[in-house]
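The structure appears right after this line, and notes come after that.
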Amino acid sequence: MEPIQTEIVVVGAGPGGYAAAFYAADQGKKVILVEKEKRLGGVCLNRGCIPSKALLHATHFITAARESAERGISFESPKVDLAKLRVWKESVLQKLGQGIGFLAQKRGVEVLNGRGYFEDSKTLRVESDQGQKFVNFEHAIVATGSKSALPKAFDLGNPRIMTSREALEIEEIPAKFLIVGGGYIGMELGTVYAGLGSQVVVVEALDTILAGADPDLARLVMVRAKKTFSEVRLGSKVLKMATSGKQIRVESEFEGKAKEETYDRVLVAVGRIPNCDDLGIENTKIVRDDKGFITVDAKQRTADPSIFAIGDAVGGVLLAHKAAREARTAVDGILGATDVSLPITIPAVVFTDPEVAWCGLTEVEARQRNVPVEIAKFPWSGSGRALSFDRIDGLTKLVIDPQTERILGVGIAGVGAGELIAEGVLAIEMGATAKDLALTVHPHPTLSETLMECAEVFYGHSTHTLAKKKPV
Amino acid sequence: MDGAYETFEKIRQSLEKFHLVLRLGGQCVQFCLCGANSMFDMDVKLPKLGEGADSGSVVTVFVKEGDSIRKDQPILELENEKAVASVPSTADGIVSKLFVKPGDKLSVGQRILSVSGGAEGATDATRSNRMDGEISNVVVQSNPEEHDREDEPDVADDGEGGRKPETSQASGTVPAAAPTIRKLALDLGIDLARVRGSERGGRIVMADLKRYIQNLQSRGRGEKSAPPSEIPSGPVSNRIDFSKWGPISAKPLSSLRQVISRRMTENWTTIPHVTQYDEADISALLELRKKYAPAFNENGARLTLTSFALKAVCSALRAHPIFNASLDESSNQIVFKDYYHIGIAVDTDAGLLVPVIRNVDQKSILDLSKELESLAAKARDRKVSLDDLQGGTFTISNQGGIGGAQFTPIVNKPEVAILGLGRGLLKPVVKDSQIVQRTMLPIAVSYDHRVIDGGTAARFVVGLVEAFESFRDKDLA
């Protein structure tokens, strides 16, 4: 069969891959997008960001309804129809997946369903049910993403031991649910299952949940989790799991003591590994690091001159918006533009309850690197908006360069933190100072005011909290 | 932005016309987001040295790889514009890599060494570069394929800006500028760390970038065509083979000598000089000196004629403030200074240096004598810091210790006048219809005739002579 000729082939149609394909097509390139799954969108759309947020949204009402009794509005106990919930969730994913397909089609991006395999630095073989096709490309962009790691010790072939992929399917509501790993995936899905009524136990090996977030922000999630989860064990390790009838017997270590418990289901959320195997990478000049991620330079070029790589496959922070930015950089590189991705900061958002979001320099990082900073904090107890919806468990903080007063980092914990952080990202990218933020009028009553007031705290004149006066 | 891009495209083209290489593409950009190396290895870069001093050549390197260094510890000696100054470290830690060696040319912002396991500083150093950074030479963006970062120490600065741009700042932050500005700078191969931001917090806006580029252009026109180093300046003169007529030897111009040469040429050609001559009767002054010298010696100071000259000049300057002023040609203003910082020309092995004594009006002759001595010693030992050389409002060049009468000193820009003193000589003088022996001090005041008129100058000189002649016991007690 004649190989298909194309200028650019993109392997993987996640938020990095389809962004790359679309952008390249918009720039007039002939693009083929290869995706092994039926639905486009990758982990983000199918098994990550979107379904988890849909479920968080759905289960939020269970908690909210319960809590509204205190405010004089009570509901009967909610009835959960899991099948219907799954159908609704699926419909959301379907709409988005079709949307991406439609956008691809309108741009003239040819989508090949099948598994991509590099024959050499210029040829990709695409295997599908209908047989195989060969694509001759000038440039390829590898955007194959990552998947949940399941350590061998936990991989018993027991479907009750799940990764996030299975947990998002919500086959049942386990009475006793163990989550191994207190990172963002564990904490987010814990929130979903706790909302649905599971007794959630989180076991985290480190001494903090949400590693990477400043402790004062993560603490607010911890405070809430202590109420809604049955337990969060820090500095604890799961040693062994074994099938025990319809349950899992789990041996763990906590506070120096061995524990043996049984759970109905277990979620293992201990990290992610790149999807770089079975890709024919060995037939190219691509180099991978010791963790299996593809090595790239600032322009997303791999060691193979005709192949670029982006997103989770290249490591760093494994976030969709990082992949999307790298997609543009890679395409610009192929087009010969001088562009190199320029962002100073890639924001991180954890959709726990409350949400945690941060960008730029964190307080902990500043301390580790000995960067002199001043920290300004505005607790949400001073926010009328937060009080009005009864969630003052929030904190907005700024990491400020004491000399130039430039904002180096922003951290927010609280309901809707994920929506608020973008202002912080813009402030950092624009090189804004705390004064700029303080002088910008923020609408009342909104949570966005906490950013302004936080900047005012820095100058010692926040209206709604008592800040120490700054010596002039 | 399209309009702006067009403008910059034009600028870029014209830059290229001036043989400035702006290599587009292939820039090596690394951000501080991640990477263990950048987290804990810190670069020590050449800090801003002083007015007009943005480069120099390395004389001595005091540290080597593996050394443990402290913040503020001198790490190398740099010969530049006016002096040999030691450069202090901006960080604590172990020297993990040294990027310079004696003879290398260094520019502000260029890496000197990296420290590991350190703390503090690199951020400050890079920040101050940006905040106070004088607009500097042309930046040539190196292509990482040709010189990857490890090769950097070998990329010698040719004095014209072969320096490596530091888009990444090891532990610091990217210069404060909007993404559009950063992108544009990247496209043009401009290192924003060198651009001074005018907005709050040092934020760089389009106007700052424009100004910077215009500056590059004017440098391109000026110095580019006649680089100060190596090649003799001015019209290309035919090389003469002096050995035709006998044995010769040659040595390269030191960078200090090059600077003196450039500054003298500039001052002499741009300032219309007039020199006013006179003589002051210093017989009484010498008597006083004889009387008080022992007391000064006891206090560890040498009472010299220069000490008196400082006071005399100061009183004349007070009476004639225009001599203590500067001409600001960019704004067509005369700037009068309410302070009296007087430079003293010091003859050193390497060449002329002019350290400055501050607030002469507020100091006693004893204080001045002490300061003069330590400053002269520092200058001769080449330990004068750049601070010591800056901010002068008037200069005194006293050649009396060597000999000779009047001479024509050249005004030391941005000052507007300079006093040259010769050797005091015993002369027959008519006084009260009698011929008497007096010691007469030859005085010569050169001044900038654009700013100072002849009459004013004559009055200044008369006042100066009077000041020399009217020292009393109370001035020394």
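FYI, it's all coordinate maths here, none of it is from the lab. Note that the structure is predicted; figures quoted are calculated from it, not measured. Here the Cβ is made from the backbone with ideal geometry for all residues, glycine too, and neighbour counts use every protein chain on show.
So the values come out like this:
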quantity: Inter-site label distance for A:Leu234 and B:Ser254 at 7 Å from Cα along Cβ, in nm; calculated: 6.2
quantity: Sparsely packed trypsin sites (Lys or Arg not before Pro) within segment A:160-260, loop by DSSP, other Cβ within 10 Å at most 16; calculated: A:Lys246
quantity: Dimensionless Rg/Rh of segment A:348-459 - Kirkwood Rh, Rg from C-alpha atoms; calculated: 0.95
quantity: Of the GluC sites (Glu not before Pro) in segment B:325-394, those whose Cβ has at most 14 other Cβ within 10 Å and which sit in DSSP loop; calculated: B:Glu329
quantity: Fewest-first sequence of B:Thr90, A:Thr345 by Cβ atoms within 10 Å of each Cβ; calculated: A:Thr345, B:Thr90
quantity: Residue-averaged 222 nm ellipticity for chain A, from DSSP H runs of 4+ at -39500 (n - 2.57), nearest 500; calculated: -9500 deg cm²/dmol
quantity: Estimated FRET transfer efficiency (B:Val205, B:Lys183; beta-carbon r; R0 22 Å; 0.05); calculated: 0.95
quantity: Simple label model, 7 Å out from Cα along Cβ direction - A:Ser77 to B:Asn299, nm; calculated: 9.7
quantity: Exposed-loop-free span, longest in chain A, where chymotrypsin sites (Phe, Trp or Tyr not before Pro) count as exposed if DSSP calls them loop and at most 14 other C-beta atoms lie within 10 Å; calculated: A:76-388
quantity: Qualifying lysines (Cα of each under 19 Å from Cα of B:Lys101; at least 8 residues distant if same chain); calculated: B:Lys45, B:Lys64, B:Lys164
quantity: Eligible lysines near B:Lys413 by straight Cα distance, threshold 16 Å, same-chain separation 8 or greater; calculated: B:Lys82, B:Lys337
quantity: Exceeding the 30 Å Cα-Cα cut-off - candidates A:Lys299/A:Lys377; A:Lys30/A:Lys299; A:Lys435/B:Lys210; A:Lys95/A:Lys122; calculated: A:Lys299/A:Lys377; A:Lys95/A:Lys122
quantity: Positive-end extreme of charge dipole, the protein assembly as shown - chosen from A:Ala330, B:Pro414, B:Ala325 (charges on Cβ); calculated: B:Ala325
quantity: Cβ neighbours within 10 Å from other chains - mean over A:396-402; calculated: 1
quantity: For chain A, convex hull of alpha carbons as volume per residue, Å³; calculated: 175
quantity: Fraction in percent of alpha-carbon pairs per bin - 5 Å, segment B:296-406; calculated: 2, 12, 20, 23, 19, 14, 7, 3, 1, 0, 0
quantity: Charged-residue dipole, Cβ positions (Lys, Arg, Asp, Glu), the protein assembly as shown about Cα centre, Debye nearest 20; calculated: 580
quantity: Pairs beyond 32 Å (Cα-Cα), from A:Lys84/A:Lys240; A:Lys291/B:Lys97; A:Lys176/A:Lys397; calculated: A:Lys84/A:Lys240; A:Lys176/A:Lys397
quantity: Segment A:419-472: trypsin sites (Lys or Arg not before Pro) falling in loop per DSSP and having at most 13 other Cβ within 10 Å; calculated: A:Lys468, A:Lys469
quantity: Size-normalised alpha-carbon gyration radius of the protein assembly as shown, reference 2.2 N^0.38 Å; calculated: 1.23
quantity: Debye, to nearest 20: dipole size of segment A:106-256, +1 on Lys, Arg Cβ, -1 on Asp, Glu Cβ; calculated: 220
quantity: Computed magnitude of the charge dipole of segment A:348-459 (debye, nearest 20; Cβ of K, R +1, Cβ of D, E -1); calculated: 180
quantity: Projected label distance in nm at A:Ala205 and A:Ala422, using a 7 Å step from Cα toward the beta-carbon; calculated: 3.7
quantity: Column: log10 I(q)/I(0), Debye, Cα scatterers of segment B:257-476, q = 0.13 Å⁻¹; calculated: -0.74
quantity: Likely footprinting exposure, B:Thr269, A:Thr450, A:Thr404, B:Thr60, fewest C-beta neighbours within 10 Å first; calculated: B:Thr269, B:Thr60, A:Thr404, A:Thr450
quantity: Distance cut-off 25 Å, percentage of C-alpha pairs in segment A:243-389 lying past it; calculated: 57
quantity: Once exposed loop GluC sites (Glu not before Pro) are cut out (DSSP; at most 10 other Cβ, 10 Å), longest piece of chain A; calculated: A:256-472
quantity: All lysines inside 24 Å of B:Lys290 as judged from Cα atoms, apart from same-chain residues fewer than 8 positions distant; calculated: B:Lys311, B:Lys363, B:Lys370, B:Lys427, B:Lys431, B:Lys474
quantity: Inter-chain Cβ neighbour average for residues A:422-435, partner chain, 10 Å; calculated: 4
quantity: Whole-Hz couplings from phi, Karplus 6.51/-1.76/1.60, listed for segment A:128-144; x for Gly and Pro; calculated: 9, 4, 7, x, 10, 10, 10, 10, 8, 10, 7, 9, 10, 10, 8, 9, 8
